[in-house]
Structures are given as structure tokens and as C-alpha cells.
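Structure first, then comments.
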Amino acid sequence: MADTIEKVSIIVSKGSLDGVYPALIMANGARAEGIDANLFFTFFGLDAIHKARHEHIKLATVGNPGLHLATWAGGLPGMSAVMTHYLASKMDKLDIPPIPEFIEMIADTGAGLYACKASVDLFGLAKDDFIDQVTGIITVGEFYELAAGGQIIFT
């Protein structure tokens, strides 16, 4: 019989759509399968749980090889906004919720959402800067304790 995964801890370090959505999809899928899930937001991944920024996550267009655009084209004024709107409309047709709604759904299933203390300190942030669903601000050591016995996924 194959081993089953009982717990995943997902590290979110990028603050772009293509950095945040994979983590949310993995966490949501884990919870749907009855797997414990925790999300650890660090560096620019904090934008996904930041009150003032979580509704404004954009697609990174400069140097994003997955878009198959020349780097200069990705840097054209407005390109990020256009591509973000285009991707958002495609996701809406697939019933993939926007980031704030998706995070709330995942938190409602019992997943833990944690901000990295080192990154919070680095950027001069505090608990009040984050959405209500954030379980806490923890150190890397505390994250490893939380993740013990499970799989760690870095997106």
C-alpha cells in the first residue's frame, strides 16, 4: 500500500499571481483530500495576506518565460495590468476565485496561514497589516516545528 500524505506546509515567497495561485491551489487541494495544510508567507509572498495589497496582485510579465514574450514586451507600460486582467478573466470562467476569496475559503477549511517573522520585521510590518485569516507571525524555527512530519512545498 502506498504511503499517504497527511500534512503539507507550503512556502509562498513570490507576490505575483504566478507565485501565489500555485500555493493556494495546492493548499485547497490538500484540504479537499483531508490533508492538513499550512501556508507560510515570506518576502513578497506577504502581499497575498497584506490588507492593502492582497486585492492588487499582478502577473509578473518582465522576464516571465512562461508567457513566451520577449523581455522588452513584458516591460511595456500597462502590459502587466493587461495580462493580469486577461488571466483573471480566464480563471473566472474556470470558477477559480480571486486571491482574497480563495484565501478566505482555504482558511475556513482549517488551514493555517502564517507570516514569516523575519520578513515582517524586514518590511516593518505588524499583525494589524494582515488580513484577519492570518493565524500568526512565526519564526522559521516555529515553521519547521509546525511542518514536522509532513511535506514541505516551496512555490
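The values are calculated or read from the model by the stated rules, or taken from the named source; none is laboratory data. Since the structure is predicted, the reported quantities are computational estimates derived from the model, not experimental observations. Cβ sites come from the backbone with ideal geometry, for glycine too, and all protein chains shown count toward neighbours. To get the accessible areas, we keep the full protein, side chains included, count just its heavy atoms, and leave off ligands, DNA and RNA. Shrake-Rupley method; radii C 1.70, N 1.55, O 1.52, S 1.80 Å.
Note on the stretch 1-151: antiparallel DSSP beta bridges, both residues inside, total approximately 5 percent of the bridges counted.
In nm, to one decimal, how far is the modelled label at residue 123 from the one at residue 105, with both set 7 Å along Cα→Cβ? If labels sit at residue 123 and residue 105, their model points lie 2.4 nm apart. The helix-based estimate of mean residue ellipticity at 222 nm for the chain, built from -39,500 (n - 2.57) per DSSP H run of four or more residues and divided by its residue count, is -11000 deg cm²/dmol to the nearest 500.
Split the accessible area of the stretch 26-96 by element, probe 1.4 Å, and carbon with sulfur accounts for 61%.
Under 13 Å from a label point set 7 Å out along the Cα-to-Cβ vector of residue 85, no amide N atom of the stretch 30-74 is found.
Mind telling me which of 120, 62, 12 comes out most flexible in a GNM of the chain, alpha-carbon contacts under 10 Å? In this elastic network of the chain, the residue with the biggest mean-square fluctuation among 120, 62, 12 is 62. In this Cβ point-charge picture (+1 for Lys and Arg, -1 for Asp and Glu), the chain has a dipole of about 500 debye about its Cα centre. For the chain, the Cα gyration tensor yields ellipsoid semi-axes of 27, 19, 15 Å (square root of five times each eigenvalue, largest first, whole Å).
Heavy-atom accessible surface of the chain, averaged per residue, reaches 56 Å², computed with a 1.4 Å probe. Computed over the stretch 97-146, the P(r) tail beyond 12 angstrom holds 65 percent of alpha carbon pairs.
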